[in-house]
Amino acid sequence: MTTLQKMAAAVKRLRIAYIPQAKARRFFLGVEQFSLSEFNSLNAAGRRLGINRWTGENRIRRLVTDGELANRLQYLLVSEALASHKGQWYCSLDHSQFGPFCIAILAVSHRKGRAIPIWCQVNVSEAALVAPLLVALEELFRFLRGNAPDLTLVLVMDRWFASDKLFKLFTKHEVYFIARTKSDKLVQLPWDPSWWKEPIHDISHPELPITYHRHKLRLIRSDYQDGMKDPEPWFLLTNLSEQITRRQVLNRYAERFEIEEAFKDVKWLQRLEWQRVRKPEVIRNLLLFVFLGWWLLWRYTTKALPQQRTHPKKQLSWFRQAWEYLQRLLRTPLLSQTAMVLQGGGKK
């Protein structure tokens, strides 16, 4: 089977496994218009259907406002990415701005330069993110506990997520984490009285057990040298056991930047930076179809990609390679090679 045939068969299999027959037409339409092509606009996607303009736009509008379909997509992505796995799986949790929305996104790290996004929580602003994020994460953890009992989730997060409320939720559901924290956070040291708190930036130890809001954690400080990009070292809080060494924790946190690169590809390669969506349910549907496209590319195109014979610093990411490879497969040339030669456009 060719790559396109494998992907088409996979989409049909996913439909049968996760999407009811009544939603099949909308599911296939979303995959075709949003998962594996650049985003232009919702109305343009409707006009590309090649039918009456108003009919096409209405079909797209019903697709992106279908909340039940979005929930099915979310279930599909988490199940395919996590439910069948065992042992520790490291995922990055971060948030990014898409138009007027601040969106929390969970992505699986495969240590290949780009994390694969599989889950999102849409909010109208960063200030209002915590409360709905707690509800959405609790639902996710309950799902994983029931459907992936042998999976141990490890969340790798930036400074924004180092909060007492989130740590309480992780402890409740036995979720491990590595979270960077601000240097002025106050923590209790093992040799100080219970009432005494010390700012993290005054701690010079590379690794130390500390107490933060009654959470018994490890504080890990990265090495720092003059001239480094960051003005200070990383200060990481983690509840991982000491079997995971300091160097392993630092390396795993460094992989968190894979989700930052994924944000850039979604916004620039797939052109989500220029969307003009104003409804939360619409951007959620749109992003989940995009995430499904990432999963399909990772699963069915990476093995077909040619080996790069360039300098490591000039190599393209797996996603850019897979994306451009797929676009070549989907593109139908306007002129054949024979016609170009006859017109003098190639070698004779």
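The numbers here are math on the coordinates, done by the rules we state, and not lab data. Everything quoted here is computed from the prediction, not taken from an experiment. Counting neighbours? That spans all protein chains shown, and the Cβs are built from the backbone with ideal geometry, glycine included.
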Let me confirm something: among Thr152, Thr171, which residue is surrounded by fewer than 18 Cβ atoms within 10 Å (Cβ to Cβ) and in a strand (DSSP E or B)? Thr152
What number goes with the only condition from (1) small (Gly, Ala, Ser); (2) within 27 Å of Ala127 (Cα to Cα); (3) in contact with a helix residue (DSSP H, G or I) (Cβ under 9 Å, 6 or more places away or on another chain) that Ala162 does not pass? (3)
Filter region 262-284 down to residues that are among the aromatic types (Phe, Trp, Tyr) and surrounded by fewer than 17 Cβ atoms within 10 Å (Cβ to Cβ) and give me whichever is farthest from Trp318 (Cα to Cα). Trp274
Of the residues in region 37-64 that are aliphatic (A, V, I, L, M) and outside any helix (DSSP H, G or I), the one that is nearest to Val266 (Cα to Cα) is Leu49
Checking the structure you have, find out if any residue of region 267-276 is in a helix (DSSP H, G or I) and farther than 18 Å from Ala104 by Cα. yes
List pairs: first in region 16-39 and touching a residue at least 60 places away in the same chain (Cβ under 8 Å), second aromatic (Phe, Trp, Tyr), Cβ under 6 Å, 6+ apart or cross-chain? Gly30/Phe289; Phe34/Phe289; Ser35/Phe289
How about region 202-259: which of its residues are touching a Lys or Arg at 6+ places or on another chain (Cβ under 7 Å), of a type in the set (Asp, Glu) and assigned to a loop (DSSP other than H, G, I, E, B)? Glu255
Is it fair to say Gln74 is of a type outside the set (Lys, Arg), buried (at least 18 other Cβ atoms within 10 Å of the Cβ) and in a helix (DSSP H, G or I)? yes
Which members of region 39-71 meet the condition of being over 23 Å from Cys120 (Cα atoms), exposed (fewer than 13 other Cβ atoms within 10 Å of the Cβ) and not charged (D, E, K, R)? Gly50, Ile51, Asn52, Trp54, Thr55, Asn58
